[in-house]
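Report on the structure given below.
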Amino acid sequence: MPHFHIDYSANLETAVDFTEFCHVIRRAALETGVFPLAGIRVRATPCPHYAIADGAPEHGFIDLSVRLREGRPLDIRKAATTAIFKSAQTYLAPLMARQPVALSMEMRNIDAELSPKTGSIRDFLQADET
């Protein structure tokens, strides 16, 4: 954990390199020092159906949702949220200067008792990267 899910209005598909944006978020998450490398997952999903504000077709949105295992103190989560959101804002600043875009982020805990996990990614990472 954590899982980063980026929902975005489909009209931004060609305006943003979402593969690169996923890496921006991954790097920002790692740089916080809060999340283990092997646990970071970032994905982006276009939303083809949406309505924003007054319905103008140039309006867009990018919503970053972060789910993580419970147990991190609020101040640590707040600092991580601030750092990751700032990275997103910096990357998206040129886009937001030329067209209306709503950017939002939410970080929330997942109840560990109701979220089983397994995987082999750690088995394939270098020992110093886990």
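The numbers here are math on the coordinates, done by the rules we state, and not lab data. Treat the numbers as computed from the prediction; the structure is a model and nothing was measured. Methodologically, a virtual Cβ is constructed for each residue, glycine included, from the backbone with ideal geometry; neighbour enumeration extends over all protein chains shown.
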Residue 104-residue 17 pseudo-label distance in nm [points 7 Å out on the Cα-to-Cβ vector]: 2.9
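How far, in nm, would the chain grow between residue 3 and residue 63 when pulled straight, counting 0.36 nm per residue and subtracting the alpha carbon separation? Intermediate results must be reported in sequence, preceding the final value.
Working: separation 60, 0.36 × 60 = 21.60 nm, distance 1.34 nm.
In short, 20.3 nm is gained.
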What's the angle, to the nearest 10 degrees (0 to 90), between helix 18-31's Cα axis and the longest principal axis of the chain? 40
Please get the size of the charge dipole for the chain, origin at its Cα centre, with Cβ charges of +1 on Lys and Arg and -1 on Asp and Glu, quoted in debye to the nearest 20. 280
Given charges at beta-carbon only (K, R positive; D, E negative), |dipole| of the range 55-95 in Debye: 280
Ranked by GNM mean-square fluctuation in the chain (Cα springs under 10 Å), the top entry among 103, 114, 95 is 114
The helix 74-98 Cα axis meets the longest alpha-carbon principal axis of the chain at an angle in degrees, between 0 and 90 and rounded to 10, of 30
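Go ahead and run the numbers for FRET between residue 115 and residue 74, Cβ-Cβ distance against an R0 of 25 Å, rounding to 0.05. Walk me through the intermediate numbers first.
On the way: r = 20 Å, r/R0 = 0.79.
Taking R0 as 25 Å, the efficiency between residue 115 and residue 74 is 0.80.
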Quick one: work out Rg over Rh on the C-alpha atoms of the range 3-129, Rh as Kirkwood radius. 1.00
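What does the charge count near residue 65 come to, summing +1 for each Lys or Arg and -1 for each Asp or Glu among other residues with Cβ under 13 Å from its Cβ? All intermediate terms of the calculation are to be shown ahead of the outcome.
Numbers: positive: 41, 43, 67, 108; negative: 7, 63, 106.
Overall, the nearby charge balance is +1.
Provide the packing ranking of 29-37, 118-126, 86-94, i.e. peptides ordered by the mean count of other C-beta atoms within 10 Å per residue, highest first.
Numbers: 29-37: 16.1, 118-126: 9.2, 86-94: 14.2.
Highest-to-lowest ranking by the protection proxy: 29-37, 86-94, 118-126.
I'd like the FRET efficiency for residue 124 and residue 30, computed as 1/(1 + (r/R0)^6) with the beta carbon distance as r and R0 of 22 Å, rounded to 0.05. Let's see the in-between values first.
Working: r = 17 Å, r/R0 = 0.78.
Using R0 = 22 Å, I get an efficiency of 0.80.
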